[in-house]
1. If you take the residues of segment 304-319 that are assigned to a helix (DSSP H, G or I) and at pLDDT 80 or above, which of them is surrounded by the fewest Cβ atoms within 10 Å (Cβ to Cβ)?
2. Checking Ser266 against (1) of a type in the set (S, T, N, Q); (2) modelled with pLDDT under 95; (3) touching a strand residue (DSSP E or B) at 6+ places or on another chain (Cβ under 6 Å): exactly one of these is not met. Which one?
3. Tally time: how many residues in segment 212-232 are assigned to a loop (DSSP other than H, G, I, E, B) and of a type outside the set (Ser, Thr, Tyr)?
4. Just give me the residues in segment 217-244 being in contact with a helix residue (DSSP H, G or I) (Cβ under 9 Å, 6 or more places away or on another chain), surrounded by fewer than 24 Cβ atoms within 10 Å (Cβ to Cβ) and free of Cβ contacts under 8 Å to residues at least 60 places away in the same chain, in sequence order.
5. Filter segment 252-263 down to the residues that are in contact with a strand residue (DSSP E or B) (Cβ under 6 Å, 6 or more places away or on another chain), touching a residue at least 40 places away in the same chain (Cβ under 8 Å) and over 30 Å from Ala30 (Cα atoms), then identify the one that is surrounded by the most Cβ atoms within 10 Å (Cβ to Cβ).
6. For segment 219-264, how many residues meet the condition of being within 17 Å of the chain's Cα centre (by Cα) and within 20 Å of Pro300 (Cβ to Cβ)?
7. Cβ-Cβ distance below 8 Å, separation of 6 or more or different chains: which pairs start in segment 16-35 with a residue that is under 21 Å from Tyr276 (Cβ atoms) and assigned to a loop (DSSP other than H, G, I, E, B) and end on one that is of a type in the set (A, V, I, L, M) and modelled with pLDDT of 75 or more?
8. So if I check each of Ala298, Ala308, which one is in contact (Cβ under 8 Å) with a residue 60 or more places away in the chain and either touching a Phe, Trp or Tyr at 6+ places or on another chain (Cβ under 7 Å) or more than 14 Å from Met232 (Cα to Cα) (or both)?
Amino acid sequence: MNKIIMTQTVGETSAHGPKPKAPPVKERMATPHVRLPEWIKIRPKTGEDFNRVRATLRKHGLHSVCQEAACPNIRECYGEGTATFMILGDTCTRNCRFCDVIKGHPEGLDTDEPRRLAETVAELHLKQVVITAVTRDDLPDGGASIFVSVMEELRKRDKEVKVEFLISDLGGNKEALQSIIDSGVDVLGHNVETVGRLHKRVRGAAKLDRSLDVLSYISNSKRRPVVKTGLMVGLGETVDEVVELMHQSYAAGVEIVTIGQYLRPSLAHLPVERFYHPREFDELARIGREIGFGHVEAGPLVRSSYKAFNQSKDLLENR
């Protein structure tokens, strides 16, 4: 296994040490934010395209993960006329301690959402679409039927549109997962998010084994889309653990991996344990390519859907 010599993480334990529990909200609230390092610059950017995308989403009653998850790249992406749509509402049934999406009990299911989303894509003249969703453990299929409907509505209007889905683990429901694969989606992603030792602390009800199983199932399907995953650093993991997770993801059939810096959305979320330097991301990208990934996107502000089709373009063209 490749190793990188890096600064130790605050409170770091060995890869074989105990699995830490998430600190209670009161303790998290008492932990102040830390100043961002000089290499993380989130530049304000507004303009005609930014306002057009935001207004169009509002008009059609749609959500974007850019807004709901407080993505640091929102102004850049909106400013370029793109957005990552978020379906199945704006309320998630999971309680991940890194994510800024609303947690709670969703009310009903908006079956008209696929039509409105497809009309929005046509109105924005998008030829490449990235769609994610909140986790809906309250639905038997985890919301898979809405993903399928979205695909039908998109292709009804444009048979050539390229589509990437970023899905939850669907509670391990393979029938639901197969229906999404069969929809004809071009790129199908599911994020492992963090190393195994920190899963319960960071992701709560999610399990690494289940996430890897989802990725492996997609990879081994007959109608195989490009398989993608993403993870964060700066939550207390060791670098060896990150590299191990990359190996696990590759073994599950992943072709594209994204690696980004965890940024704390609010005091109620887990604190940042360490900021990785851009050179460290470059080294992780080098190791990822050495492992065999078709594409590795690594950097402080990299997120799963950031410039997504730049990541998958070559893989899609070679299919």
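1. The selected residue is Glu317.
2. Condition not satisfied by Ser266: (3).
3. Result for segment 212-232: 5.
4. Tyr217, Ser221, Lys222, Arg223, Arg224, Leu231, Val242 - these are the residues of segment 217-244 that are in contact with a helix residue (DSSP H, G or I) (Cβ under 9 Å, 6 or more places away or on another chain), surrounded by fewer than 24 Cβ atoms within 10 Å (Cβ to Cβ) and free of Cβ contacts under 8 Å to residues at least 60 places away in the same chain.
5. It comes out as Val257.
6. 20
7. Pairs found: Pro20/Leu198; Thr31/Leu267; Pro32/Leu267; His33/Leu267; Val34/Val272.
8. Result of the check over Ala298, Ala308: Ala308.
The values are calculated or read from the model by the stated rules, or taken from the named source; none is laboratory data. Predicted model only: the values in this text are computed from it and were never measured. For neighbour counting, all protein chains shown are included, and Cβ atoms are generated from backbone atoms with ideal geometry for every residue, glycine included.
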